[in-house]
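Visitor: Attaching a single structure in structure tokens format; questions to follow.
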Amino acid sequence: MEALESPRLPLGRLVRLDGADAPDVAAHYRRLDAAARYCRFAGVVPDALLERLAAEATHPAHRCFGVVIDGVLRGVAECRLGSPVAGAPAEVALSIESAWQGQGLGGVLLGALIPEARVAGARSVHLSALAANAAMLRLARRYGMTLTRDGEIEAVLSLSPPEAVAVPVRAPAAKSMPAPAA
């Protein structure tokens, strides 16, 4: 976990998470009560699946942040970047343990993800939430996301290109191949 500066964080500290933090992310997912877990994953998720979901969240191709309070990861936000082609949308998801909800942690986490998506070349950020997840919908509105309803709510934030940082998209290096036999 790499600690980051965050003047808006009301308590705890904002950290960048990577693959080494997957066990902490899985432990966080296990601490989510039934309602919070249902809201995060839009359904019932068995404990056995949480290790894999934590590994996916902290995969190097994605961006993942957390809030650590008293040495324990209490909130996680992940940004799954689309294809490496510039302009692909990014998908974000957040989870906050129930005892820590309503204290501004979700706003700090989403606020950390949006610039990461922009710098990575995403043209929009997509967030899916259950219609009953009022806190997530308020957060999406606060960040100016456009909401559409259909059982689940899709929230989309269009991003402008980064002003000072350009991230070049490069194709993988070509491998040399032997000449065909004559």
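Since every read-out is calculated from the coordinates, none of them should be taken as a lab result. Note that the structure is predicted; figures quoted are calculated from it, not measured. Glycine also receives a Cβ, built like all others from the backbone with ideal geometry; neighbour counts cover every protein chain displayed.
Visitor: Amide H of Gly87: which non-local residues (sequence gap of 5 or more, or other chain) have their own amide H closer than 5 Å, using H built in the peptide plane?
Guide: Correct list: Ala122, Arg123.
Visitor: Right, here's the next one. Charges on Cβ only, +1 for Lys and Arg, -1 for Asp and Glu, centred on the Cα centroid of region 8-158; of Ala88, Ala22, Ala55, which one is farthest towards the dipole's positive end?
Guide: Ala88
Visitor: Further, regarding this structure: Suppose every Lys and Arg Cβ carries +1 and every Asp and Glu Cβ carries -1, with no other charges. What dipole size does region 1-149 come out with about its Cα centre, to the nearest 20 debye?
Guide: Details: 17 positive and 14 negative charges, 131 e Å.
Rounded to the nearest 20 debye, it is 620 debye.
Visitor: Which whole-Hz ³J(HN,Hα) couplings does region 113-125 yield from phi under the Karplus relation 6.51 cos²θ - 1.76 cosθ + 1.60, θ = phi - 60°, glycine and proline marked x?
Guide: Computed from phi, the couplings for region 113-125 are 6, 4, x, 4, 5, 4, 5, 6, x, 5, 8, 8, 10 Hz.
Visitor: Suppose a student asked you for the relative contact order of region 8-158, using Cα pairs under 8 Å spaced at least 6 residues apart; what percent would you report?
Guide: Values: 282 pairs, mean separation 31.7, N = 151.
The value is 21 percent.
Visitor: Rounded to a whole number, what is D in µm²/s for region 8-158 from Stokes-Einstein with the Kirkwood radius over alpha-carbon pairs (37 °C, 0.692 mPa s)? If you can, show how the numbers build up before the last one.
Guide: Values: Rh = 15.3 Å.
D, rounded to a whole number, is 214 µm²/s.
Visitor: Fewest to most neighbouring Cβ within 10 Å: what's the order for Val67, Val119, Val15, Val92? If you can, show how the numbers build up before the last one.
Guide: Working: Val67 29, Val119 16, Val15 20, Val92 24.
Lowest count first: Val119, Val15, Val92, Val67.
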